[in-house]
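Data first, discussion second: the structure below is written as structure tokens.
The values are calculated or read from the model by the stated rules, or taken from the named source; none is laboratory data. Just so we're clear, the structure is a prediction, and the values are computed from it rather than from any experiment. Virtual Cβ from ideal backbone geometry, glycine too; neighbours counted across all protein chains shown. Ligands, DNA and RNA are stripped out before the accessible areas are found, and what is left, the full protein with its side chains, is counted by its heavy atoms. Shrake-Rupley method; radii C 1.70, N 1.55, O 1.52, S 1.80 Å.
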Amino acid sequence: MKIPFVSFLPMERELDGALRAAFDRVFARSWYIEGVEDQAFEQAFASYVGVDYCVGVGNGLDALMLALKALDIGDGDEVIVPSNTYIATALAVTYVGAVPVFVEPDIRTFNIDPARIEAAITKRTRAIMPVHLYGQACDMDPIMSIAERHGLKVVEDCAQAHGATYKGKRIGAFGDAAGFSFYPGKNLGALGDAGATVTNDEGLAAKVRALGNYGSDYKYHHIYKGNNSRLDELQAAFLSAKLPILDKINVERRRIADRYLSEIKNERIALPFVPDYTTPVWHIFGIRCAAREALEKWLGEKGIGTNKHYPIPMHLQDCYRDLGFKRGDFPIAEAISETELSIPMYYGMTDDEISYVVDAINSFN
């Protein structure tokens, strides 16, 4: 049996008519930037997250970067980010001229450990950027409490967690702002790059929108040195077609994850830990194994696709060599990077396919 790491085909077949209708609608209008599709999606997604404002942008990295920029975070400032995440989180900080300050995760959840945050705060710290990694919510209550005590902003990185909840409330509604990615592989994915910044702050939303539109509040009038980052009409229309089934997609991903969690029984494999405070949406199902390369080869020989998230931690990336870190400085992030293996997780997996993956992992020795 051949099982890819990810497949969009089951979802795209289900949405074929809606996606084609979305294209036809946009094409018939001949209006491709900042139109009715963008407005409709922004309103619908803000309502879904449980916030007042959503601003569509070009991608998830820009969603974070523009939020930081709108909060006036820049040169000389520091932003606390997890040491274990995709590099876009740190790049957003770098792009506004600030410095990313890495804080280790909880080895069980892979998310930033709130107990380690305060030790990283200095007089230059301006914000905390928690990442709801793999679709599982961070422990937001202590993070928000720390931010309030120290007068810090909170920008949530929700790129992998559309629809995940923390104590019954959807992530993205806790911080001063949050950034979402709609890269095609996300639980809510466009058919190209797209993203959004969400917030309850009307002024912040207006500033993000202006910053993403060349710094312009109205045509040919520029109040900021802005960027070009807007959600185009076509991707907005595709996202509007997909949003109504996002909860259905997430329920299906949880069903697959529940089977993995209950049926994978191999002492060599460490399964994800799910705290009581979160309902994950399982963008990624990452297991850990000390013999990862052997496991990866074993599964590959059986036709099972896998991936690694992420094989090189940020502090050891060449682009951040200027920060002066070395191997051993963030041992938890390094341990995760050396042992994590992501197994198939996508809408439309059959029971037989799930069983095949489970059996292959359980037979690994």
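For segment 211-226, filtering for residues that are in contact with a Ser or Thr (Cβ under 6 Å, 6 or more places away or on another chain) and surrounded by 15 or more Cβ atoms within 10 Å (Cβ to Cβ) leaves 1.
The set of residues in segment 24-41 being in contact with a Leu (Cβ under 8 Å, 6 or more places away or on another chain) and either aliphatic (A, V, I, L, M) or surrounded by 16 or more Cβ atoms within 10 Å (Cβ to Cβ) (or both) consists of Val26, Glu37, Asp38, Phe41.
Mind listing just one residue for me: the one in segment 194-236 that is in contact (Cβ under 8 Å) with a residue 40 or more places away in the chain and of a type in the set (Lys, Arg) and, of those, farthest from Phe41 (Cα to Cα)? The qualifying residue farthest from Phe41 (Cα to Cα) is Lys207.
Here Ala21, Ala46 are screened, and the one residue that is under 29 Å from Phe110 (Cα atoms), surrounded by fewer than 22 Cβ atoms within 10 Å (Cβ to Cβ) and not charged (D, E, K, R) is Ala46.
Okay, residues lined up against (1) more than 24 Å from Lys225 (Cα to Cα); (2) within 20 Å of the chain's Cα centre (by Cα); (3) in contact (Cβ under 8 Å) with a residue 60 or more places away in the chain:
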position	(1), (2), (3)
Arg13	yes, no, no
Phe23	yes, no, yes
Gly35	no, no, yes
Ala46	yes, yes, yes
Asp52	yes, no, yes
Leu66	no, yes, yes
Lys69	no, yes, yes
Asp72	no, no, no
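Of the set (1) open to solvent by 60 Å² or more (accessible area, probe 1.4 Å); (2) touching a residue at least 24 places away in the same chain (Cβ under 8 Å), all apply to Ser262 but (2).
Scanning segment 313-324 for residues that are more than 23 Å from Arg253 (Cβ to Cβ) and aromatic (Phe, Trp, Tyr) turns up at least one hit.
Table: residues versus (1) small (Gly, Ala, Ser); (2) in contact (Cβ under 8 Å) with a residue 40 or more places away in the chain; (3) assigned to a loop (DSSP other than H, G, I, E, B).
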{"residue": "Ala290", "(1), (2), (3)": "yes, yes, yes"}
{"residue": "Lys297", "(1), (2), (3)": "no, no, no"}
{"residue": "Gly300", "(1), (2), (3)": "yes, no, no"}
{"residue": "Asp329", "(1), (2), (3)": "no, no, yes"}
{"residue": "Ile354", "(1), (2), (3)": "no, yes, no"}
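State which residue is farthest from Ala360 (Cα to Cα) when the search covers only segment 1-32 and only residues that are part of a loop (DSSP other than H, G, I, E, B) and of a type in the set (A, V, I, L, M). Looking at residues that are part of a loop (DSSP other than H, G, I, E, B) and of a type in the set (A, V, I, L, M), I get Leu15. Every condition in (1) in a helix (DSSP H, G or I); (2) in contact with a Gly (Cβ under 8 Å, 6 or more places away or on another chain) holds for Ala241 except the one numbered (2). What residue, among those in segment 122-143 that are in contact with a helix residue (DSSP H, G or I) (Cβ under 9 Å, 6 or more places away or on another chain) and open to solvent by 20 Å² or more (accessible area, probe 1.4 Å), is farthest from Lys308 (Cα to Cα)? In this case the residue turns out to be Arg126.
Yes/no matrix, rows are residues, columns are (1) at pLDDT below 95; (2) over 20 Å from Asp113 (Cβ atoms):
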{"site": "Ala290", "(1), (2)": "no, yes"}
{"site": "Ala294", "(1), (2)": "no, yes"}
{"site": "Ala333", "(1), (2)": "no, no"}
{"site": "Glu338", "(1), (2)": "no, no"}
{"site": "Tyr356", "(1), (2)": "no, yes"}
{"site": "Asn365", "(1), (2)": "yes, yes"}
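Of Asn84, Asn59, all but one fail to be in contact with a Leu (Cβ under 8 Å, 6 or more places away or on another chain) and either surrounded by 24 or more Cβ atoms within 10 Å (Cβ to Cβ) or under 25 Å from Pro184 (Cα atoms) (or both); the exception is Asn84. Residues of segment 63-80 that are assigned to a helix (DSSP H, G or I) and either of a type in the set (S, T, N, Q) or open to solvent by less than 30 Å² (accessible area, probe 1.4 Å) (or both): Ala63, Leu64, Met65, Leu66, Ala67, Leu68, Ala70.
Checked against (1) in contact with a Ser or Thr (Cβ under 6 Å, 6 or more places away or on another chain); (2) surrounded by 20 or more Cβ atoms within 10 Å (Cβ to Cβ), Thr165 passes all but a single condition, namely (2).
There is no residue in segment 211-220 that is modelled with pLDDT of 95 or more, closer than 28 Å to Val357 by Cβ and of a type in the set (Ser, Thr, Tyr).
Condition first: surrounded by fewer than 17 Cβ atoms within 10 Å (Cβ to Cβ) and farther than 30 Å from Ile171 by Cα. Can you find one or more residues in segment 337-353 that meet it? There is at least one residue in segment 337-353 that is surrounded by fewer than 17 Cβ atoms within 10 Å (Cβ to Cβ) and farther than 30 Å from Ile171 by Cα.
For Val198, the stated conditions hold: it is under 29 Å from Ile121 (Cα atoms), out of contact with any Ser or Thr (no Cβ under 8 Å at 6 or more places or on another chain) and open to solvent by less than 10 Å² (accessible area, probe 1.4 Å).
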